[in-house]
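Here's the structure, in C-alpha cells; my notes come after.
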Amino acid sequence: MNRQIRAVGYTMLVLFGVVFMNLSWLQLGRAEQLANHRANTRLLLKEYALERGAIRSVNGDTLAVSVPTPDSQLKSLRTYPTEGLFAHITGYYSLRYGRERLERSYNGELTGKGGVVTMQDLGDRLLGKGQKGDTLVLSIDTSVQQAASSALGGRKGAVVALDPVSGQILAFVSQPSFDPNQLSQHSPQGQQDAWVALNQDEENTPLVNRASRGTYPPGSTFKVITAAAALEHGIGADTSFPATNEYQPAQTDRVIRNFGGSTCGGDMASALTVSCNTYFARLAAEMPAGYLEETAKAFGFTETPPLDISSVASRLPDSDDLKSPAFRALSSIGQYSVAATPLQMALVAAGIANSGRVPVPKLVKQIEDARGAVVKQTSAETWKEAVSPETASIIKQMMINVAANGTAKAASLPGVQVAAKTGTAQTGETGDESIAWTIAFAPADNPRIAIAVMVEGAGPGSDETGGRVAAPIVRQVLQAHRSVAGW
Amino acid sequence: MITGTAKRNTEASLLVISLVIAIGGYWLVALARSATVPAGIGVYGAIYGGVYAAAHLAVRKLAPRADSLMLPIGLMLNAIGFVLISRLEIPTENEGLAAAQTRWLVVAIAAFIAVLYFVKDVRALARYRYTFAFAGVVLLLLPMLPLLGREINGARLWIRLGPLSFQPSELGKIALVLFFAGYLSERRELLAVTTRKIGPIGVPALRHFGPVLGAWGVSLLVMVNQKDLGSSLLFFAIFVAMLWMATGRPIYLIAGVGMFLVGAFIATRLFSHVAARIAVWHDPFAYIDDRGYQVVQSLFAFATGGAWGTGLGLGRPDLIRFSVHTDFIFSALGEELGLVGGAAVLTAYALLGARGFGLATRCRDDFSRLLAAGLTFTIGFQTILIVGGVTNLIPLTGVTMPFMSYGGSSLLSNFIAIALLIRISDEVGRQGGEAPPTEMNMAAGGGR
C-alpha cells in the first residue's frame with residue numbers, strides 16, 4: 001500500500017510543479033503581453049489616479065484636460081471642451097476602449113512617465129508628491145481649425161494644412177467627427193452605448209480618421225507628381241502633344257478622355273492649367289516604366305508618414321502593373337489603384353512649396369511640464385528629398401497659373417499669389433460618385449501654408465469638381481491662417 | 001530522535017511567524033489605504049494570538065508527539081488569506097469579510113480542539129464508517145433540497161440556515177474520506193483479488209466495481225443537479241485515488257479515469273454549463289465580456305503582478321468581481337504579491353502534502369494509513385484544481401483554496417482534517433515510527 005501512497009504523493013508533487021511552471025509562464029513569459037492587453041484596464045485605472053497633462057492649441061485653448069473627481073473610483077474625468085473639433089487629433093481616453101490618437105501616442109508624456117525627468121520631478125517623487133503629467137501644445141490655432149471645419153460644413157471629407165518648412169500642422173480636420181467626451185465618460189454603459197452607436201453609423205463612419213488614415217484616388221492632383229516625374233528625368237516642360245479629346249495607350253482598348261469631352265494639348269504648363277488628361281496620360285505612357293513610381297515614392301507614397309498619430313501609407317499600383325503603358329496612363333491622372341491620404345497630398349504640396357523637400361509633419365509644437373516650463377520643442381526635419389529645387393520651381397509656376405487662370409481659381413486670394421491644383425476622381429462601380437480635391441500653398445514666393453482638401457461623395461456632373469467643391473474650402477482656410485499669421 | 005517537547009517548541013516559533021504575517025499584513029493593507037494604524041489591529045492581534053495559543057496548547061496537551069509543521073502551515077496559509085480578505089474589503093460591498101473570516105477561524109479552531117479532545121484514537125472512527133457514508137452523501141446532496149438550497153453564482157452548493165449560509169459539501173468530503181478509509185481498509189484484500197486478466201492487467205470480479213459505479217453516480221448527480229463541477233470532480237478523484245492506494249490494482253485507476261472521461265464527454269454534450277466552462281477554458285478571450293470575464297481578469301491579475309507583485313493594496317484584484325475572496329483568492333495573491341508570493345504559497349501546500357503522505361507511509365494500520373493519505377490528497381488535489389483553474393491550465397471548477405479562501409465551511413473542514421492528521425501523527429510519534437528530520441519524510445517508512 002505504501003508503494004501506491006508514495007506514487008500518489010510524488011504524482012501530486014509533479015502536478016504542483018506543473019502548476020508552478022504554468023504560473024511562472026503566466027507571470028513572467030506572458031506577463032508583458034497580458035498586462036498591456038487592450039481589455040486589461042489595470043494600467044489605465046492607475047493612470048486615472050495621476051494628474052494627466054492637458055492638450056492645448058497654440059493660441060492657448062484647452063482641447064483636453066483632466067478634471068479631478070475625488071468621489072469616484074476613477075480619480076479624474078478626461079474632458080474635451082472643444083468636443084468634435086479636435087477629436088481626430090486628441091483622440092479619446094476611455095476606460096473600456098483604451099486611448100487613441102495623441103492620447104495614445106503621447107501617453108507617456110501625458111502621464112509624466114515618458115517625458116524628461118527633471119531634478120525637481122525626482123525630488124517630488126521622493127517626497128511622495130503626486131506625479132504630474134506634461135502638457136502638449138499643438139501648432140494648430142483654433143480659429144484656423146474652426147475655419148477648416150466650417151468650410152467643410154456638413155460634407156464628408158478632410159482638410160490637412162501644414163507649414164511647408166517646419167512641418168507643423170496648421171489644420172487637421174476629418175469629418176464627420178465625434179464627441180470624445182462620450183467615449184471618455186466614466187459610466188461603462190454610457191461608454192458602450194456611445195461606442196456602439198459610433199461604430200454602427202456605417203453611413204458616416206465618424207471614428208474613421210479620413211485625414212491620415214483614409215485613402216482616396218487623388219485624381220488630377222496626382223498630375224503634379226506625373227509632371228515632377230517627367231521633369232526630374234530630363235523630360236522638359238516644353239514637351240508638347242497635339243490637342244486631342246481622347247488618347248488610347250498602346251496594347252489596350254481603354255480610351256482616356258478629357259473632362260467634359262474637351263480638347264486640349266500643348267506644353268506641360270498649359271496642360272496642367274486645364275488639367276488635360278490626354279496630355280498626362282500620353283506623357284506617362286511614353287515615359288520609361290520606373291519614372292512615375294520612383295518620383296511618387298520620393299514624395300512618400302507607399303510609406304507611412306511619420307506623423308505623431310496613426311497614419312497609413314498611400315498606395316501605388318504594383319511595379320509589374322506599372323510596366324504596362326495603359327496602367328501608367330491611368331495612374332498618371334490619379335485613377336486606377338492610386339490612392340492617397342489627404343495628409344500625403346498636403347505633403348506633396350508642401351514638397352513643391354519647400355523647394356522639393358517634404359518635411360516631417362508634426363502635430364505637437366512643444367511639451368511643457370506641470371509648472372509651464374518647456375521641456376521639449378519640436379524642430380523642423382526633412383522627411384523626403386522629393387525633387388530638385390529646379391523641378392519644384394517649374395511646377396510652382398505651373399500651379400500659380402492653375403490658381404490664377406485654371407481650374408483652381410476659386411482657391412485664389414486677393415493680393416497674394418496662390419499655387420494650386422485641383423482633382424476630381426471618379427469612384428464607385430458606375431463612376432457616379434466622385435472625390436473632389438484641391439492641393440495648394442501660399443504665398444507662392446514665401447510659402448507659409450500648404451494644404452490638401454478632400455471632399456468625399458461629391459455627385460456626378462460639372463458642379464461637383466475639385467475646383468468648385470474643394471477649392472473654395474482651400475481659400476477659406478488660407479484666409480483664416482493669413483489673418484492669424486499675418487502674411 | 002526528536003522529543004515531543006522539541007517539536008512543540010518548533011511549532012510555537014512557527015506560529016509566532018504566522019502571527020506576524022497576519023497582523024503585519026493587516027497593517028500593511030491599512031497603510032496602503034491611509035497612513036494610520038488601523039483601529040482594529042489590537043483586537044485582531046489579541047484574537048489571532050489567542051486562537052494560535054489555544055490551538056498550540058491543545059496540541060501540546062492532547063497530541064504532544066504530533067507533527068510540528070502541519071498546524072503552522074495551515075494557520076500561515078489562513079493568515080495570508082486573512083490579509084488578502086482584509087485587502088479585498090476596499091470595494092465597500094465586501095466590508096466586514098475579514099471580521100467574519102476571523103469569527104469562522106475561532107469556530108474552526110474550536111472544532112480542531114474538539115476533534116483532538118474527543119478523538120483519542122482515529123481507529124475508533126472506523127466503526128462509524130456507514131454513519132460517515134450517510135452523513136457525507138446527505139451533506140453532498142443537501143443543497144438539492146428545495147427549501148434549504150440556494151443557488152449562488154450559478155451553482156447550487158449552498159444551504160441557508162437562518163442568517164448563515166453554508167457549503168455542506170466541504171464537510172461532506174471529510175465524512176466521505178472517513179468512510180472510504182473505513183470501507184477500503186476492511187475490504188481492500190477482497191477488492192484486490194483478481195479473477196481474470198485482460199492483457200497484463202488483472203481484473204477483479206465484476207461485482208467489486210459496484211462501489212466505483214456508486215461513487216460515479218453520486219458525483220454525476222452532484223454535477224447535474226447542483227452544477228457543482230468542483231465538488232463532483234474532487235469527490236470522484238478522492239474515491240478513485242483511495243481505491244487504488246488501498247488495492248494497488250491499476251484496473252481501478254483505468255476504469256476510474258475512463259469513467260471520468262465518459263462522464264465528462266456526456267456532460268459537455270448534455271449540459272450547457274459544463275460545455276461553457278470547457279469553451280471558456282479553450283479560449284477565454286473569446287468570451288471576455290461574459291462567461292470568460294473572470295478567467296480573463298484573473299489572467300490579467302497574474303500578468304500585472306509579474307514577478308514581484310504590485311504590493312498589497314496597490315493592485316486591482318477587485319476587477320475579478322464576485323468570488324475574488326473565495327475561488328479567485330490566489331489571483332489576488334498573484335497580482336499583489338507576485339510570482340514570489342505564489343511560489344511561497346504553493347511551496348507551503350506542497351510541503352503539507354509531503355508531510356501528509358509521509359505520515360501515511362509510517363502508519364501501523366490500514367485505516368490510519370488510508371485516512372492520512374486520503375485527507376492529504378483531498379487538500380492537495382483541491383489546491384491543484386483551483387490554482388490550475390484560475391490560471392486557466394485546466395477548466396475552472398469552483399472549489400475553494402484550502403485555508404486561504406473566505407468561507408466558514410471550508411475553514412471548518414480543513415482544520416478538522418488537520419486535527420485528524422495531527423491525531424494520526426501523534427499516534428505514529430508515540431509508536432516511535434518517526435523518521436529522522438534530515439531525511440525527506442515521504443521517502444522514509446517501511447513498505448508493507
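Structure summary
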item: Listed residue (B:Leu370, B:Trp27, B:Pro38) projecting farthest to the positive dipole end of region B:4-443, Cβ model; result: B:Leu370
item: Taking all pairs of distinct alpha-carbon atoms in chain A, Kirkwood radius in angstrom; result: 24.4
item: Ranking by accessible area, most exposed first, for B:Arg269, A:Arg257, A:Arg475 with a 1.4 Å probe; result: B:Arg269, A:Arg257, A:Arg475
item: Per-residue [θ]222 nm for chain B (sum of -39500 (n - 2.57) over DSSP H runs n ≥ 4, rounded to 500); result: -22500 deg cm²/dmol
item: Eligible lysines near A:Lys365 by straight Cα distance, threshold 23 Å, same-chain separation 8 or greater; result: A:Lys113, A:Lys132, A:Lys376, A:Lys384
item: Size of electric dipole in the protein assembly as shown: Cβ of Lys, Arg +1 and of Asp, Glu -1, about Cα centre, debye, nearest 20; result: 4120
item: Segment A:Val208-A:Leu28, extension gain: residue separation times 0.36 nm, minus the distance between their alpha carbons; result: 61.2 nm
item: Region B:52-60 - phi-based ³J(HN,Hα) in whole Hz, Karplus 6.51/-1.76/1.60, Gly and Pro as x; result: 4, 5, 4, 4, 5, 5, 4, 5, 4
item: Placed amide H near A:Ile449: partners under 5 Å, 5+ positions off or other chain; result: A:Ala442
item: A:Thr378, A:Thr422, reordered so the largest accessible area comes first (probe 1.4 Å); result: A:Thr378, A:Thr422
item: Chain lengthening between A:Phe259 and A:Asn199 when straightened (0.36 nm per residue, less Cα-Cα); result: 17.9 nm
item: Theoretical FRET efficiency, 1/(1+(r/R0)^6), r = Cβ-Cβ of B:Arg430 and B:Met144, R0 60 Å, to 0.05; result: 0.90
item: For region B:313-322, 3J(HN,Hα) per residue [Karplus equation, 6.51 cos²θ - 1.76 cosθ + 1.60, θ = phi - 60°, Hz, x = Gly/Pro]; result: x, 10, x, 10, x, 5, 5, 5, 6, 4
item: Area accessible to solvent at A:Val387, 1.4 Å probe radius, in Å²; result: 10
item: With at most 15 other Cβ atoms within 10 Å, longest stretch of chain B clear of loop GluC sites (Glu not before Pro) (DSSP); result: B:96-438
item: Most to least accessible of A:Trp25, B:Trp104 (protein chains only, probe 1.4 Å); result: A:Trp25, B:Trp104
item: Under the Karplus curve 6.51 cos²θ - 1.76 cosθ + 1.60, θ = phi - 60°, whole-Hz ³J(HN,Hα) for region A:406-415, x wherever Gly or Pro sits; result: x, 6, 9, 4, 5, 8, 6, 10, x, x
item: Area accessible to solvent at A:Glu390, 1.4 Å probe radius, in Å²; result: 120
item: Other protein chain Cβ atoms within 10 Å, averaged over every residue that makes up A:28-35; result: 5
item: Extreme residue, positive dipole direction of chain A, given options A:Thr263, A:Tyr279, A:Gly334 (C-beta unit charges); result: A:Gly334
item: Global size of chain B as Cα Rg and Dmax, reported in angstrom; result: 21.8, 73
item: Cβ-isolated cysteines (cut-off 4.7 Å), the protein assembly as shown; result: B:Cys363
item: Length added when fully stretched, B:Val340-B:Ala307, from 0.36 nm per residue minus Cα-Cα; result: 11.3 nm
item: Estimated FRET transfer efficiency (A:Asn405, A:Leu43; beta-carbon r; R0 41 Å; 0.05); result: 0.10
item: Value at 222 nm in deg cm²/dmol, rounded to 500, when DSSP H runs of n ≥ 4 in chain A each add -39,500 (n - 2.57); result: -10500 deg cm²/dmol
item: Efficiency of FRET between B:Phe118 and B:Ile198 - r from beta-carbon atoms, R0 56 angstrom, step 0.05; result: 0.75
item: With DNA, RNA and ligands ignored, accessible area of A:Ser310 (1.4 Å probe; Å², nearest 10); result: 50
item: A:Trp383 long-range amide H proximity, modeled H, under 5 Å; result: A:Val358, A:Val360
item: Inter-site label distance for A:Val312 and B:His273 at 7 Å from Cα along Cβ, in nm; result: 4.7
item: Other-chain or far-sequence residues with amide H under 5 Å of A:Asn354's (modelled H); result: none
item: Extreme residue, positive dipole direction of region B:185-291, given options B:Leu253, B:Val274, B:Pro204 (C-beta unit charges); result: B:Pro204
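The values are calculated or read from the model by the stated rules, or taken from the named source; none is laboratory data. This one's a predicted model, so the numbers in the text were calculated from it and none came from an experiment. So basically every Cβ, Gly included, is an ideal-geometry build from the backbone, and we count neighbours across all protein chains shown. Please note that ligands, DNA and RNA were not included when accessible areas were found on the heavy atoms of the full protein model with its side chains. Shrake-Rupley method; radii C 1.70, N 1.55, O 1.52, S 1.80 Å.
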